[in-house]
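Here's the structure, in structure tokens; my notes come after.
The values are calculated or read from the model by the stated rules, or taken from the named source; none is laboratory data. This structure is a prediction, so every number in the text was calculated from the model and none was measured. For neighbour counting, all protein chains shown are included, and Cβ atoms are generated from backbone atoms with ideal geometry for every residue, glycine included.
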């Protein structure tokens, strides 16, 4: 057992995947240890940092959780020594009390992502996102030794705005919020869930004296640890296979390497001066800009050279100067897609020669 040194806890929640947590501690005379609750896509970037920082971690899964979804974790270096799987429920109040009480920091990441939004998916997305976040914070409130909570929000909580369609080169920073009426009109339930969950978190944190910091990543690109692909990775795979139906719906989009998302979480947790919201995005590109670049870099795959946006001309940028002000440096778009493509090849999803 470690002494009460630096203890972190990371909760990652996903509606259809096993729910996992991370609480972490550092022995005053040894390496860091992390006990972890993680789920599905979230495990990709958090686990990378866990391994780099030599965290000890364990996963909490729901009673109905499929253990095959976490089987790949046992193959990670150090997993046999630092991984334990137990059960918990994100939507059950108090489910994480004991884990949070052992920590000095908490990470809460990921909301449900529905591949095919429909009239019933609004509540399916909003309820676990908002209630799950508040349940985590209620557990955090009970720990008097808690240093900080880092919540993963999304650039989708910032960029869904009417003014982005017409204003020239509008720069969106952490003061911006997505338009709720526009999200409702377009059935963008994921974005709406991120807005509601983050605002609920800020209100709860202020009322209860919790030191909260939020990270708002854009479209996350990079290698996958799991053979089962998340929605975004599946969309990237489709693009490289010539199926652009899903990807074309994104329009102008920010992109960020999965490792940068992980590193930014650790940075804003550890930096004493970190406060408020932090956009996390390496570059913002139109559909045409992205596919033109990818088609040239990967000519063996049937990537179109043009891909129109369903939203017309968009001109917004994401201002990440606040995160960069903490000394953060982003990886480039080529590196993130190179790593993603190699991962898809290694796992057998993407054939070396598709023709």
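Would you point out the residue of segment 299-324, among those that are modelled with pLDDT of 95 or more and part of a loop (DSSP other than H, G, I, E, B), that is surrounded by the most Cβ atoms within 10 Å (Cβ to Cβ)?
Selected residue: 320.
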Note to self: Tell me whether segment 325-345 contains one or more residues that are under 21 Å from residue 188 (Cα atoms) and in a loop (DSSP other than H, G, I, E, B).
What the structure shows: no
Next item on the list: Scan segment 190-211 residue by residue and report those that are farther than 27 Å from residue 231 by Cβ and either in contact (Cβ under 8 Å) with a residue 12 or more places away in the chain or part of a helix (DSSP H, G or I) (or both).
Entry: 203, 204, 205, 206, 207, 208, 210, 211
Check: Any idea how many residues of segment 215-237 are closer than 15 Å to residue 342 by Cα and either under 11 Å from the mean Cα position of the chain (by Cα) or assigned to a helix (DSSP H, G or I) (or both)?
Finding: 5
Notebook entry, point to check: Does segment 167-177 hold any residues that are assigned to a loop (DSSP other than H, G, I, E, B) and closer than 13 Å to residue 316 by Cα, and which are they?
Noted result: 167, 168, 169, 170, 173, 176
Note to self: Every residue in segment 109-158 that is part of a strand (DSSP E or B) and modelled with pLDDT of 85 or more, please.
What the structure shows: 148, 149, 150, 151, 152
Notebook entry, point to check: So how many residues does segment 262-292 have that are touching a helix residue (DSSP H, G or I) at 6+ places or on another chain (Cβ under 7 Å), assigned to a helix (DSSP H, G or I) and modelled with pLDDT of 90 or more?
Noted result: 1
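Residue-wise test of (1) touching a residue at least 24 places away in the same chain (Cβ under 8 Å); (2) under 30 Å from residue 351 (Cβ atoms); (3) surrounded by fewer than 20 Cβ atoms within 10 Å (Cβ to Cβ).
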position: 171; (1), (2), (3): yes, no, yes
position: 182; (1), (2), (3): no, no, yes
position: 187; (1), (2), (3): yes, no, yes
position: 224; (1), (2), (3): yes, yes, no
position: 233; (1), (2), (3): yes, yes, no
position: 239; (1), (2), (3): yes, yes, no
position: 247; (1), (2), (3): yes, yes, no
